Amino acid sequence: MKTIQGDLIKLAIEGSFDVIIHGCNCQCTMGAGIAKSIKAEFPEAFDADLATAKGSRDKLGSLSKAIVERSGRKLTVVNAYTQFHWRGRGTLADYDAIRKVMRLIKIESTGQRIGYPKIGAGLAGGDWEIIAAIIEEELAGEDHTLVEYSPTP
């Protein structure tokens, strides 16, 4: 896992990645965290989320995606269903779901440049060390990069 500082969305639009992933809940909201920014910048990704069954536990570990074009470049935005809901305290991230969705992403995105934030470790309260180990294992051999958010001028 490479790690860089920056703005995942801006880097994606500039062409640094072919695929970006963010963690979603299963409630079709995208109302907070990076999901809210993705919803604003890539409404196609929110449309893909809305096309799934709201509130379905069956979504855990699955994904929806949108292929968008910005600045003449194609980019795949992946909504990774890594938590059931956003309510309450504690760990909302589902580690099994993270493993399953990363396995799918490897199958669907082999050979592409993949970028992501600390999926499941922000508002979802997951343990980044556990999540990072899952991502490393499931995306082994792929070109994948953690983008730690840092505002750019």
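Output the antiparallel fraction of DSSP beta bridges having both residues in the chain, as a percent to the nearest 5.
The answer is about 35 percent antiparallel.
Å³ per residue of the Cα convex hull, for the chain?
So the per-residue hull volume is 101 Å³.
Quick one: among Thr82, Thr29, Thr110, which has the greatest mean-square fluctuation in a GNM of the chain with alpha-carbon springs under 10 angstrom?
Maximum among the listed residues: Thr110.
Can you tell which of Ala40, Ala80, Ala97 shows the greatest fluctuation in a Gaussian network model of the chain with Cα springs below 10 Å?
Highest fluctuation among the options: Ala40.
Summing +1 for each Lys or Arg and -1 for each Asp or Glu, what net charge is found among the other residues whose Cβ lies under 12 Å from the Cβ of Ala66?
The answer is -1.
Can you grab the distance from the C-alpha centre of the stretch 28-92 to the C-alpha centre of the stretch 108-130, Å, no decimals?
The stretch 28-92 and the stretch 108-130 have Cα centres separated by 13 Å.
Give a residue-ordered list of calculated ³J(HN,Hα) values for the stretch 18-28 (Karplus: 6.51 cos²θ - 1.76 cosθ + 1.60, θ = phi - 60°; whole Hz; x for Gly, Pro).
Going residue by residue, I get 9, 9, 10, 10, 9, x, 10, 8, 9, 9, 6 Hz, with x marking Gly and Pro.
Have a look at Gly120, Gly111, Gly72 and tell me which one the Gaussian network model of the chain (Cα, springs below 10 Å) gives the largest fluctuation.
Gly72
Find me the longest stretch of the chain that has none of the exposed trypsin sites (Lys or Arg not before Pro), where exposed means in a DSSP loop (not H, G, I, E or B) with at most 14 other Cβ atoms within 10 Å.
Here the longest run is 90-153.
Read the figures in this text as sums done on the coordinates, not as results from a lab. Note that the structure is predicted; figures quoted are calculated from it, not measured. A quick note on method: Cβ atoms are made from the backbone with ideal geometry, for glycine too, and the neighbour counts reach across all protein chains shown.
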